[in-house]
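Encoded as structure tokens, the structure appears first; notes follow it.
Derivation of every value follows stated rules applied to the coordinates shown; laboratory data play no part. It should be emphasised that the depicted structure is a prediction, and the values quoted were computed from it without experimental measurement. Cβ: placed from backbone, ideal geometry, glycine included. Neighbour counts: every protein chain shown.
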Amino acid sequence: MPDRITSANEYDPTAHETFESTYAVFADLRARCPVAHSTAFDGFWAVTRHQDILDILLQPELYITSVRNVVPGSSATGRRPPLHLDPPDHTPYRKAIDRALGAARVAGIAETTRRIARSLMQSLVARREADFIEHFSSPLPAAVFGEWLGLTAAQTDVLWRTAKAYVKAWESFDKSSVAVAAAQLAEMAAEVIAERRREPRDPEIDPTSSLIAARDDQGQPFPELLLAGCVRQVLVVGLVAPPILLGSIAVHLSRDPALQRQLREDRALIPDAIEEFLRLYTPYRGFARSARHEVELHGRRIQPGEPIALVYASANRDESVFPEPDEFRLRRPNIRQHLAFGRGPHMCAGIALARQELRIALEELLAQTSHFELCGELKMSGMPEVGPISVPLRLSPAAA
Ligand code: HEM
């Protein structure tokens, strides 16, 4: 049996990546080295097969998030529920967030999402050539979040700019800029908490009011630091993945004009297309866990506390689960097995909101154009995300 690995660099997520190259690396790891060690980011394990990842996600008592929930990690940030807590401590925070994401609340945000998406897309198409992410897929989720969180227009603008700076700093592994952006987000969380304490809102509508009103299993309000950490987590949690995923969709459809035409002509196909795009272009490369005690996976011994990155983007192209995994196929019979939203107690709380936002975004892109194509170089994000962060598009308006 191989002993504890301390120096092997079997996976290097800092190597240059293109739109496709990352997936070839994952396919190779799945085949040859399904539990790979990387020396990047102070060392971590990368698990790449679908079944192994699912097994880990469904054993939250053994594989925990409270030591490390993502690679690379950042020491500049305090503890932020729900992602950083294990059940049962995690559960009251998660329930409080879920309360403000019920079906009626999500449906109530649809009209605003449509209005914002329509107006952003009108401006994008009027430019004829522009960066799809900068002008559409990044500001849209920020505006939707501003609506969900009940922020003012000025607060929403600050949130968008700060979240962009935060993500950029993480991607360039610039710890001092991460700390600056994290402090700005913490300031904003404190401001929103103070406002909701002065004027509480309906907890079925407003996530901050729901967190303030919630009680832990001792019947106590959440400790101040954890409440602040949770609101800060909630502020940015839905702003990172949608811009990248929509960027990947725009690239895919630029390269596949027949599919672009098919979806434009039959919009009823869009929800199924989005599910397949989530599988193909899983925007969170993965989150992480660590084991409570030593475990052995495929002959590798993993020590307690060592970060284990669960590469969701690889699981979703695992050929043993999704035949011809690199192909776009509408209505795969087992599409619900994709892990783009994770699984287990930390499975994404915002799935319904995310699906609605992605659907409306794609509907507007297709409705307001007769054709679009790439017109420049893509820029790619790094771990923990995967996908483009800049997508230059040339757009032809729909016939009036
Ligand atoms: C394309 C869009 C999105 C994707 C792909 C996505 C993906 C994910 C994934 C993979 C996780 C699990 C993390 C883990 O395994 O440790 C997660 C957690 C979470 N997501 Fe999303 N997400 C998206 C949008 C959103 C939105 C719009 C919200 C809005 C409320 C949201 C709220 C959350 C929350 C609160 C958690 C933490 C859940 C917990 O720890 O219990 N997400 N998301």
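Structure values in brief
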{"read-out": "Single unsatisfied condition, residue 353 versus (1) surrounded by 16 or more Cβ atoms within 10 Å (Cβ to Cβ); (2) within 11 Å of the ligand (Cβ to nearest atom); (3) part of a loop (DSSP other than H, G, I, E, B)", "value": "(3)"}
{"read-out": "Check on residue 339, away from the ligand (no atom under 11 Å from the Cβ), surrounded by 13 or more Cβ atoms within 10 Å (Cβ to Cβ) and not polar (S, T, N, Q)", "value": "no"}
{"read-out": "Any hit, the range 230-250, residues being part of a helix (DSSP H, G or I), free of Cβ contacts under 8 Å to residues at least 60 places away in the same chain and within 30 Å of residue 383 (Cβ to Cβ)", "value": "yes"}
{"read-out": "Qualifying residue in the range 289-303 (condition: of a type outside the set (Ser, Thr, Tyr), within 16 Å of the ligand (Cβ to nearest atom) and in a strand (DSSP E or B))", "value": "yes"}
{"read-out": "Matching residues in the range 356-373 - criterion: being of a type outside the set (S, T, N, Q) and either within 16 Å of the ligand (Cβ to nearest atom) or crowded, with 18+ Cβ neighbours inside 10 Å (or both)", "value": "357, 358, 359, 360, 361, 362, 363, 364, 365, 366, 372"}
{"read-out": "Filtered residues of the range 191-225 (kept if touching a residue at least 12 places away in the same chain (Cβ under 8 Å) and exposed (fewer than 15 other Cβ atoms within 10 Å of the Cβ))", "value": "191, 197, 200, 204, 215, 217, 225"}
{"read-out": "Counted residues, the range 81-111 - those being in a helix (DSSP H, G or I), more than 8 Å from the ligand (Cβ to nearest atom) and surrounded by 15 or more Cβ atoms within 10 Å (Cβ to Cβ)", "value": "7"}
{"read-out": "Output for the range 172-215, where each listed residue is part of a loop (DSSP other than H, G, I, E, B) and either more than 22 Å from the chain's Cα centre (by Cα) or hydroxyl-bearing (Ser, Thr, Tyr) (or both)", "value": "172, 199, 200, 201, 202, 203, 204, 205, 214, 215"}
{"read-out": "Filter result (among the charged types (D, E, K, R) and within 21 Å of the chain's Cα centre (by Cα)) within the range 13-51", "value": "17, 20, 49"}
